[in-house]
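One structure is given below, encoded as structure tokens.
The values are calculated or read from the model by the stated rules, or taken from the named source; none is laboratory data. Predicted model only: the values in this text are computed from it and were never measured. All Cβ positions, even for glycine, are placed from backbone atoms using ideal geometry, and neighbour counts span all protein chains on display. With ligands, DNA and RNA removed, areas are computed over all heavy atoms of the protein, side chains included. Shrake-Rupley method; radii C 1.70, N 1.55, O 1.52, S 1.80 Å.
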Amino acid sequence: MFKSLRVPEKLFAFVMWLVSVVFAGFLIGLGGKVVADLPRLEGAVSLEQFAEPAALQRGRSEAAALEKRQAELSNRRARAQLAVTSAAGAYQSERAKYENWLATRTATTDAAQDPEVLARTRALDVLKAAEREAQAAVEQIDAEALTVNQALARQRLAEGELLQAAQPAYQRALFAQELRVFGARLALTLPLLGLAGWLWAKKRGSD
């Protein structure tokens, strides 16, 4: 009779252990979720919060204006370079025509007295001048772009120095926030750990 009662008792003990393990897993998962969400109780700390706000905002506004100017100059240069290419192509084409024309005609003894030679030469001079003018426009844009790039580099360096100066205060605030979150986690988990230890020590043999 007693032997027949031992089997259900062992089965009941096994089922209770299984339920305990499942419930413990549930509590661990729930606790992990709660503990993971604790940092959301406070806003995120950023380095920019500890830099001088007026200087940082002014510097970033200037940097944005310089970047916009960079984009404008880049577009202008692209158009100017197309003009150079077009002017150079026109000059080379006209020069090739001129050389072919000279090769297939009978030139006069004094080329300076030939009106057609003079007219074609003047036309070539005009095209060459247009090419030089277009190239000068590209060079001017390059000079402006260099000035803007240097100003933007100085501005970014100044912003980096501002953020570097704010680094110690940021690190202190970040440490204090992590300390508060750790304290909240400790306050949440210590009572539960204490209760679990007491139950294991005092009640582990009870029903």
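Observations on the model:
- Förster radius 25 Å - calculated FRET efficiency between Ala65 and Val45, Cβ distance, rounded to 0.05: 0.30
- With all protein chains in place and a 1.4 Å probe, the accessible surface of segment 48-170 carries 55 percent carbon and sulfur.
- If you take all other residues with their beta carbon under 13 Å from the beta carbon of Ala63, and give Lys and Arg +1 and Asp and Glu -1, the sum is +3.
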